[in-house]
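A.B. asks: Attaching a single structure in structure tokens format; questions to follow.
The values are calculated or read from the model by the stated rules, or taken from the named source; none is laboratory data. Predicted model only: the values in this text are computed from it and were never measured. In this analysis, Cβ positions are derived from the backbone assuming ideal geometry, glycine residues included, and neighbour counts consider all displayed protein chains. The area values use the complete protein model at the heavy-atom level, side chains included, leaving out ligands, DNA and RNA. Shrake-Rupley method; radii C 1.70, N 1.55, O 1.52, S 1.80 Å.
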Amino acid sequence: MKAIRVHEQGGPENLALDDLPVPEPAKDDLLIRIDAAGLNYIDTYHRSGLYPLDFPITLGLEGGGTVEKVGDDVNGFEAGDRVGWGTCQGSYAEYIAAPAAKVVKLPEDVTTEQAAAVMLQGMTVHYLTHSTYLLEAGKTALVHAAAGGVGLLMVQVAKKLGATVIGTAGTAEKAELAKAAGADEVILYTEQDFEAETRRLTEGAGVDVAYDSVGKATWEGSMNSLKPRGYLVLFGNASGPVPPIDPLILTQKGSLFLTRPNLMGYTLTRDELDQRAGDILRWVGDGSLDLRIDRRVQLAEAADAHRALESRDTKGKVLIVP
Ligand code: NDP
């Protein structure tokens with residue numbers, strides 16, 4: 001089978017299209033024929049070495065496909081099941097042997113391609129808005145990169161929960177997309193000072209929570225945009241990692257909360273995974289969560305897709321179709 005592997009850390013040029021044997025599922029695994037894999041920013045951190053892994057690795061955590069073989073100790077799945085996953089390493093490939101514990105069956109009204117487009121980013125948005133900080137009517141959230149893969153989903157789910165959303169975006173076209181997804185206000189943070197704008201839009205009050213996945217370039221402005229006792233949720237490094245933070249700064253800026261979560265930490269049990277995936281897939285199925293597919297590329301074009309994501313050229317989801 002064809003797979004995109006990385007043999008040593010580096011840039012997109014390090015993505016190799018390799019020929020590998022179709023994997024044999026271990027006793028707790030499912031062998032899945034992959035229809036589509038989702039591209040996520042974390043794949044670039046795995047490639048660059050920002051999040052260290054033992055090389056060689058097959059890239060990609062997210063996808064949708066059909067079960068071909070079931071490991072001896074697996075219950076509840078059979079060949080032919082259509083499935084999705086968001087935390088299984090090795091998804092930029094034609095097949096994956098994935099731990100059944102991390103895979104969910106898809107409802108009839110959700111395609112395997114939709115699953116590849118939503119499992120990781122959708123469940124991320126679910127935990128950030130329902131668990132890390134519970135958004136609800138009367139709360140205001142600052143959402144950076146609101147026209148990105150995570151961003152467009154976050155805006156929609158935050159509005160579903162009744163919150164007020166102030167998004168940021170890098171271009172006017174992206175700002176329009178974030179608005180169309182439901183954002184109450186969008187700040188063009190490449191041209192405007194988003195901290196001053198957030199203060200102005202909240203009549204000086206600041207926001208209850210700042211969801212910041214841009215990292216190095218924005219974390220300080222995000223912190224300065226919060227109400228007293230607000231939540232600074234740092235969850236990504238699109239512009240680079242955030243430097244060490246002295247906890248005393250949280251006192252000085254208004255008794256703030258700081259957290260740095262990831263999806264694995266919020267899908268710790270089968271129940272938790274089923275609950276988050278269940279909500280997200282139900283919303284996709286009933287049409288209340290819109291998925292914007294920016295582009296579909298083949299495995300051999302994965303390096304170009306990385307370049308596009310890292311140069312802020314994408315709007316919504318990029319799919320890799322083997
Ligand atoms: P996006 O589609 O959001 O792409 C990243 C966006 O970040 C860009 O389009 C751009 O939007 C913005 N950005 C701002 N500055 C930069 C920069 N210097 N370089 C590149 N992009 C920049 O990606 P994803 O939806 O895949 O991921 C979004 C973020 O969420 C990532 O940081 C990712 O690591 C994080 N994440 C974290 C998870 C977790 O559980 N902790 C899970 C999933 C994602 P614009 O032009 O509008 O500024």
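A.B. asks: Considering each residue of the range 43-59, count those that are open to solvent by 10 Å² or more (accessible area, probe 1.4 Å) and either of a type in the set (Ser, Thr, Tyr) or not assigned by TED's automatic domain parsing to the domain that holds PRO21 (or both), and give that number.
C.D. replies: Adding up the residues that qualify gives 4.
A.B. asks: Out of all the residues in the range 198-225, which are over 24 Å from LYS160 (Cα atoms) and touching a strand residue (DSSP E or B) at 6+ places or on another chain (Cβ under 6 Å)?
C.D. replies: Hits for the range 198-225 are THR218, TRP219, MET223.
A.B. asks: How about the range 174-189: which of its residues are out of contact with any Lys or Arg (no Cβ under 7 Å at 6 or more places or on another chain), surrounded by 17 or more Cβ atoms within 10 Å (Cβ to Cβ) and assigned to a helix (DSSP H, G or I)?
C.D. replies: Result: ALA175, ALA178, LYS179.
A.B. asks: Check ALA141, ALA98, ALA116, ALA93 and return the single one that is open to solvent by less than 10 Å² (accessible area, probe 1.4 Å), within 16 Å of the ligand (Cβ to nearest atom) and over 15 Å from the mean Cα position of the chain (by Cα).
C.D. replies: Sole residue among the options that is open to solvent by less than 10 Å² (accessible area, probe 1.4 Å), within 16 Å of the ligand (Cβ to nearest atom) and over 15 Å from the mean Cα position of the chain (by Cα): ALA141.
A.B. asks: Keeping to the range 257-279, report how many residues are within 13 Å of the ligand (Cβ to nearest atom), in contact (Cβ under 8 Å) with a residue 60 or more places away in the chain and either surrounded by 13 or more Cβ atoms within 10 Å (Cβ to Cβ) or not in a helix (DSSP H, G or I) (or both).
C.D. replies: 6
A.B. asks: Another question, if that's okay. Hey, could you check the range 120-138 for residues that are open to solvent by less than 30 Å² (accessible area, probe 1.4 Å) and of a type in the set (S, T, N, Q) and say which is farthest from the ligand (Cβ to nearest atom)?
C.D. replies: Once the filter is applied, the top-ranked residue is THR129.
A.B. asks: Just need a number here: residues in the range 31-69 that are of a type in the set (Ser, Thr, Tyr), more than 16 Å from the chain's Cα centre (by Cα) and within 15 Å of GLY240 (Cα to Cα).
C.D. replies: Number satisfying all stated conditions: 1.
A.B. asks: Can you tell me which residues in the range 210-225 are in contact (Cβ under 8 Å) with a residue 60 or more places away in the chain and more than 12 Å from the ligand (Cβ to nearest atom)?
C.D. replies: ALA210, SER222, SER225, listed by residue number.
A.B. asks: Condition (residue is assigned by TED's automatic domain parsing to the domain that holds VAL110, more than 30 Å from GLY221 (Cβ to Cβ), in contact with a Lys or Arg (Cβ under 7 Å, 6 or more places away or on another chain) and surrounded by 14 or more Cβ atoms within 10 Å (Cβ to Cβ)) applied to the range 302-317: is it met by at least one residue?
C.D. replies: Scanning the range 302-317 turns up no residue that is assigned by TED's automatic domain parsing to the domain that holds VAL110, more than 30 Å from GLY221 (Cβ to Cβ), in contact with a Lys or Arg (Cβ under 7 Å, 6 or more places away or on another chain) and surrounded by 14 or more Cβ atoms within 10 Å (Cβ to Cβ).
A.B. asks: Considering only residues that are more than 16 Å from the chain's Cα centre (by Cα) and open to solvent by 30 Å² or more (accessible area, probe 1.4 Å), which ones fall in the range 144-173?
C.D. replies: Residues satisfying the conditions are LYS159, LYS160, LEU161, GLY162, THR164, THR171, ALA172, GLU173.
A.B. asks: Could you identify the single residue in GLY221, GLY204, GLY215, GLY230 that is buried (at least 18 other Cβ atoms within 10 Å of the Cβ), assigned to a loop (DSSP other than H, G, I, E, B) and not aliphatic (A, V, I, L, M)?
C.D. replies: Result: GLY215 is the single residue among GLY221, GLY204, GLY215, GLY230 that is buried (at least 18 other Cβ atoms within 10 Å of the Cβ), assigned to a loop (DSSP other than H, G, I, E, B) and not aliphatic (A, V, I, L, M).
A.B. asks: Which residues, taken from the range 233-249, are more than 8 Å from the ligand (Cβ to nearest atom) and either of a type in the set (S, T, N, Q) or open to solvent by less than 30 Å² (accessible area, probe 1.4 Å) (or both)?
C.D. replies: Selection gives VAL233, LEU234.
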